[in-house]
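Each remark here refers to the structure printed beneath this line.
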Amino acid sequence: LVRALTGIDTDRLPVEKQRGITTELGFAHFVLPIGASEQRVAVVDVPGHERFVKSMVAGATGIDLVVLVVAADDGVMPQTIEAINHVRAAKVPMIVAMNKTDLPTANVGALMQQLAQQSVLVENYGGDVVSVEVSAKTGKNIDKLLEMILLQAELAELKADPTARAQGVVVEVRKEEGRGILITVLVQQGTLRIGDVFVVGNEYGKVRSLFDHAGKAVREAGPSTPVVVLGADGLPEAGDAFIAVKNEREAREVAAKRQEVLRTKGLEPTK
């Protein structure tokens, strides 16, 4: 569905097993001309099975809208319920994309009923949750889904200042031999550039390299852009705030204060 929605076809997007499930986080970014302006859209593709849901929730502070993808032939599965509960807890707006509606085994009516049992009432079932019947395979209603995403962004008045210092949220952290700590950051405000000093969670660092969703090296990343950052001195966690600061002295001071607060909390007796 990410490929159908963004038009981006790259092997750097999520790896899939033979049965078609997403097995790791994937990221895409694209720009749409809307009148005289532009809409920048960042997509974070999160696997639906339970062990990955925590990653989605941790990064929910950087997510403005969730597109819940449910197969119209399979219906609501345990991982769908898990995702619904976490989205509700995070208080993030949601659009339901009913996928695989091109299949003869698709049953949209049954799917809407199953969603209603989870207190997700879509518009065609008398509720207020936006839903779109799509097919990632044929491209059916992908344009309508995109239209609904942009409408929700407009209603929420999502805006950003590209001239400010970069701010964002960590959506994935990994450590690679020979490269070090790689942090995937969703930039929300400002523009992140090579050489910027930053604080992320209780750690700090300096941007040595930036890579886009396709693994290509870039010099900067503006608002609504997922980017992989190389240069952190320690391991942050998914969901940590990422903030560019003036210099390394300020970064060290902020990180030290946060680490002290963490240590103090650890020493407090449990009540």
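We did not get these values from a lab; they are worked out from the coordinates using the rules stated. As the structure is a prediction and not an experimental result, all values here were calculated from the model. Ideal geometry is used to build each Cβ from the backbone, glycine not excepted, and the neighbour counts take in all protein chains shown.
By how many nm would the segment from Lys137 to Ala116 grow when fully extended, if each residue of separation counts as 0.36 nm and the alpha-carbon distance is taken off?
Numbers: separation 21, 0.36 × 21 = 7.56 nm, distance 2.63 nm.
The Lys137-Ala116 span can extend by a further 4.9 nm.
Figure legend: label point modelled 7 angstrom from the Cα of Gln79 along Cα→Cβ; no residues of the stretch 112-126 have amide N under 13 Å from it. Extension gain, Arg165 to Asp128, is 9.6 nm, computed as 0.36 nm per intervening residue step minus the present C-alpha separation.
Peptides 86-96, 65-75 ranked from most to least packed, by the mean per-residue count of other Cβ atoms within 10 Å: 65-75, 86-96.
Sort 248-254, 38-44 by packing, meaning the average of other beta carbons within 10 Å per residue, with the highest value first. Mind showing how you got there, number by number?
Numbers: 248-254: 14.4, 38-44: 18.4.
Going by the mean number of other Cβ atoms within 10 Å, highest first, we get 38-44, 248-254.
Would you work out the relative contact order for the stretch 89-137, in percent, from Cα pairs under 8 angstrom that are 6 or more residues apart? All intermediate terms of the calculation are to be shown ahead of the outcome.
Working: 57 pairs, mean separation 23.3, N = 49.
Dividing the mean separation by the residue count of the stretch 89-137 yields 48 percent.
Between their Cα atoms, which of Lys100/Lys144; Lys91/Lys257; Lys100/Lys140; Lys100/Lys137 are more than 18 Å away from each other? Where the Cα-Cα span goes over 18 Å, the pairs concerned are Lys91/Lys257.
In Å, what Kirkwood hydrodynamic radius results for the stretch 164-203 from the alpha-carbon pair distances? Write down the numbers at each step before the final one.
Details: mean 1/r = 0.0891 Å⁻¹.
Across the stretch 164-203, the inverse of the average 1/r is 11.2 Å.
Under the 0.36 nm per residue contour assumption, what length would be gained going from the current alpha-carbon distance of Leu262 and Glu147 to full extension? Length gained, Leu262 through Glu147: 37.1 nm.
Size estimate for the stretch 94-142 follows the Kirkwood approach: the inverse of mean 1/r over distinct Cα pairs works out to 11.0 Å. Using a Förster distance of 35 angstrom, determine the FRET efficiency expected from the C-beta separation of Val92 and Arg208, and round it to 0.05. So, using R0 = 35 Å, E works out to roughly 0.60.
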